[in-house]
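What follows is a short report on a single structure.
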Amino acid sequence: MSQKNPSAPGPVLQCKTVERSFGGLVALSGVDMQIERGEIFGLVGPNGSGKTTLTNAITGFYPPQRGQILLHGQDITGLAPHKVARRGVARTFQNLALFNGMTVLDNILLGRHVHMKPGVLETALYWFLARKEEIAHRQVVEEVIDFMQLESVREELVDAIPIGLKKRVELARALVAEPSLLILDEPMAGMNQEEKEYMARFILDARDERGVTVLLIEHHMDIITGICDRMLVLSYGEVIETGIPKDVIADPRVIKAYLGSAHVPA
């Protein structure tokens, strides 16, 4: 199956009646979601609501048992994670997935693996074939390091830098894959207010300057309402509301899901 042109019109991502269960536990039940090109789309919900399960269904880690997932109009339901990545989906993880003992630069370089085409011939004729490709990969990485303002720590081991910078390194690693859809799973977890504001700015710039569509999973409602164009709320695997953030967070069902029935307006 060929990759559809990510600049073509139409939604970037469509989830149609997606369902996923683990034994007797229903993690997703008939979830519909559509993300338009150039959106920053928020996905929120209490712990255990199905956010990570939906993300894993999209990226191929836990394919849905029912329903369909379309990327740029093409069916990617059940594709292996590496094939989904090659079609233009990159992600960061709720728990940092960086390689300790490696430098910031080396961690970011790993994000280019989806574009690399190693082979015996290329290796044997490195100076004639592979070197040109390696230089091109390096140029993309250097551009993203500059974009993410990581130049000062490029040679540092990731073990030695603070969590705010580690989160930026993970975002940089996702960006060097040059995705059309970027999935960010709680990119601001563990950050202080200043670090959160920096990260919000980088996400906005990734959308505006690099043309990336973003699916943002986040617990900080101030971030969701501040930078997201639309949002969707999950509760117990079901969609309870979707739309413009200021309208969604005022919905009594959303307030109940987060705060309990005692806080629902009369």
Based on the mean of other Cβ atoms within 10 Å per residue, sort peptides 182-190, 155-163, 65-73 so the most packed one is first. 182-190, 65-73, 155-163
Which percent of Cα pairs goes in each bin when the distances of the chain are cut into 5 angstrom slices starting at zero? 1, 6, 12, 16, 18, 16, 13, 9, 5, 2, 1, 0, 0, 0, 0
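Using R₀ = 30 Å, calculate the FRET efficiency as 1/(1 + (r/R₀)^6) where r is the Cβ-Cβ separation of ARG66 and GLU36; round to 0.05. Display every interim value, and only then the final one.
Details: r = 24 Å, r/R0 = 0.81.
Given R0 = 30 Å and the Cβ-Cβ separation, E is 0.80.
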Treat each spin label as a single point 7 Å out from the Cα along the C-beta direction, and report the ASN192 to GLN94 distance in nm. 2.6
Report ³J(HN,Hα) in whole Hz for each residue of the range 21-31, in order, from the Karplus equation J = 6.51 cos²θ - 1.76 cosθ + 1.60 where θ = phi - 60°; Gly and Pro get x. 10, 10, x, x, 8, 8, 8, 9, 9, x, 7
Order the peptides 39-47, 197-205 from the highest to the lowest mean number of other Cβ atoms within 10 Å of their residues. 39-47, 197-205
Dividing the surface of the Cα convex hull of the range 125-260 by four yields a projected area in nm² of 10.9
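Please give the length that would be gained between ARG86 and ARG154 if that part of the chain were fully extended, namely 0.36 nm times their separation in residues minus their C-alpha to C-alpha distance (nm, one decimal).
On the way: separation 68, 0.36 × 68 = 24.48 nm, distance 2.61 nm.
Extending this stretch completely gives an extra 21.9 nm.
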Let me know the Kirkwood hydrodynamic radius for the range 49-94, please, with Cα pairs as the basis and the value in Å to one decimal. 10.7
Among the DSSP beta bridges whose two residues both lie in the chain, what percent are antiparallel, rounded to the nearest 5? 55
Each label sits 7 Å from Cα toward the beta-carbon; between GLU19 and TYR258 the label points are separated, in nm, by 3.0
Picking from ALA177, VAL18, ASN192, whose Cα lies most toward the positive end of the charge dipole for the chain (charges on Cβ: Lys, Arg +1; Asp, Glu -1)? VAL18
If I stretch the segment between GLU209 and HIS137 completely, what's the gain in nm (0.36 nm per residue apart, minus their alpha carbon distance), one decimal? 24.0 nm
Sorting check: for 243-256, 219-232, which peptide has the highest mean count of neighbouring beta carbons within 10 Å, and how do the rest follow? 219-232, 243-256
Percentage relative contact order, the chain, counting C-alpha pairs under 8 Å, at least six apart: 26
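What fraction, in whole percent, of alpha-carbon pairs in the range 138-194 exceed 14 Å separation? Show your work: numbers first, answer last.
Details: 905 of 1596 pairs.
So the pairs more than 14 Å apart make up 57 percent of the total in the range 138-194.
From the Cα gyration tensor of the range 22-88, with a ≥ b ≥ c the square roots of its eigenvalues, which class applies: rounded if a/c is under 1.5, or else prolate if a/b is larger than b/c, or else oblate?
Values: a/c = 1.83, a/b = 1.23, b/c = 1.48.
Judged from the Cα gyration tensor, the range 22-88 comes out oblate (a/c at least 1.5, b/c at or above a/b).
The numbers here are math on the coordinates, done by the rules we state, and not lab data. All values reported here derive from a predicted model rather than from experimental measurement. Note that each Cβ is placed from the backbone with ideal geometry, even for glycine, and that neighbours are counted across all protein chains shown.
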